[in-house]
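Participant: Shown below is the structure under consideration.
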Amino acid sequence: MPENISKPMRHAILGAGGVGGLIGACLAHAGDSVTLVVRREVVAQYPKKLHLESPFGNFEVDVAIAAEVPAVDALWITVKATQLEAALSAVKNPDGVRAIVPLLNGIDHVSLLRTKYGSGRVVPATIAVETERVTPGHIVHRSPFARLNMLSSGRALLGSTLDQLQQMGFACRFIDDEPTLMWGKLVFLAPFALSTTAADKTVGEIMADREWRSLGEACVREACAVAKAEGATVDADAILAGVKGMPGGMRSSMQKDVEKHNAPELDAIAGPILRGAKRHGIEIPATKKLVAAVERRAGYAESRLA
């Protein structure tokens, strides 16, 4: 157990959606203290329990509800990238937070959080999972896996917590190199999210359609080319093999956002690839084609990305 931390650890979840609800439910089930931070206007009526349906188990746990982040050992930030800056208004006393773990899509949020709160307490991490909040307090974890990757420095701050998550069924991995950590998810996520959203198909349907599969595979290779130029170690063939091994019914959160007429996380997910390609002079026609198709499905009259 990390020095100076006694059980139970105190956690706050900023973003009580699918990912935040899954993390919060599992930590509370393991015996830790969990506070869900929600909008002030819904605090009074928000359920003080989390009900989880998951391959890791079906259970209900007690949680606290608050409008502001209390003093905690770990603050897990699990809002959509489009909601981040507004959500951070709930962090009134950052000095009371020992570690900040952002699990947002994309890359750029890490530097934003370090600028606001200092680099020492921000622990870059990524998660790969399909999970959804179907109603407030009711979380359905749909994928047979939950893969949590974290910069190696996070082990000292969160060791016992990560042990608990692994005991629940999470696959946790520590990575020494930050570009590889962050781009390692993006080169997988961006083609998956853009393809499924542009086509409005599951990953299995994408793989069964020669045209969409070809476009998605090209996007993977383009994303990997940009990632390598940014200093990451990635393998396009390994990423493509991983996509082929995904459950065929999986759908992306971007796809679900567009269906619900919510703003998709296009800038967070596609933006780093587009901007990186421009910096390094890399051609990315497949990625641009998919982005344009997503923008049309989202009803944008003109491109939101430069």
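The values are calculated or read from the model by the stated rules, or taken from the named source; none is laboratory data. Everything quoted here is computed from the prediction, not taken from an experiment. Cβ: placed from backbone, ideal geometry, glycine included. Neighbour counts: every protein chain shown. These accessible areas exclude ligands, DNA and RNA; they are computed on the full protein's heavy atoms, side chains included. Shrake-Rupley method; radii C 1.70, N 1.55, O 1.52, S 1.80 Å.
Participant: Might you let me know whether segment 256-278 holds any residue that is assigned to a helix (DSSP H, G or I), of a type in the set (D, E), under 26 Å from P144 (Cα atoms) and open to solvent by 10 Å² or more (accessible area, probe 1.4 Å)?
Facilitator: Looking for residues that are assigned to a helix (DSSP H, G or I), of a type in the set (D, E), under 26 Å from P144 (Cα atoms) and open to solvent by 10 Å² or more (accessible area, probe 1.4 Å), one finds at least one in segment 256-278, hence yes.
Participant: Scanning segment 52-84 for residues that are small (G, A, S) and within 20 Å of the chain's Cα centre (by Cα), which turns out most open to solvent (accessible area, probe 1.4 Å)?
Facilitator: Checking each candidate, the answer is A81.
Participant: Can you find a residue in segment 228-235 that is in a helix (DSSP H, G or I) and closer than 23 Å to E178 by Cβ?
Facilitator: Yes: segment 228-235 contains one or more residues that are in a helix (DSSP H, G or I) and closer than 23 Å to E178 by Cβ.
Participant: Name the residues in segment 85-139 that are of a type in the set (A, V, I, L, M), surrounded by 16 or more Cβ atoms within 10 Å (Cβ to Cβ), over 16 Å from the mean Cα position of the chain (by Cα) and part of a strand (DSSP E or B), would you?
Facilitator: Residues satisfying the conditions are V97, A99.
Participant: While we're looking at this one, here's another question. Within segment 226-248, how many residues are open to solvent by 40 Å² or more (accessible area, probe 1.4 Å) and of a type in the set (A, V, I, L, M)?
Facilitator: Within segment 226-248, residues that are open to solvent by 40 Å² or more (accessible area, probe 1.4 Å) and of a type in the set (A, V, I, L, M) number 3.
Participant: Related question: Filter segment 201-213 for residues that are open to solvent by 70 Å² or more (accessible area, probe 1.4 Å) and either in a loop (DSSP other than H, G, I, E, B) or among the small types (G, A, S) (or both) and give the result.
Facilitator: A208
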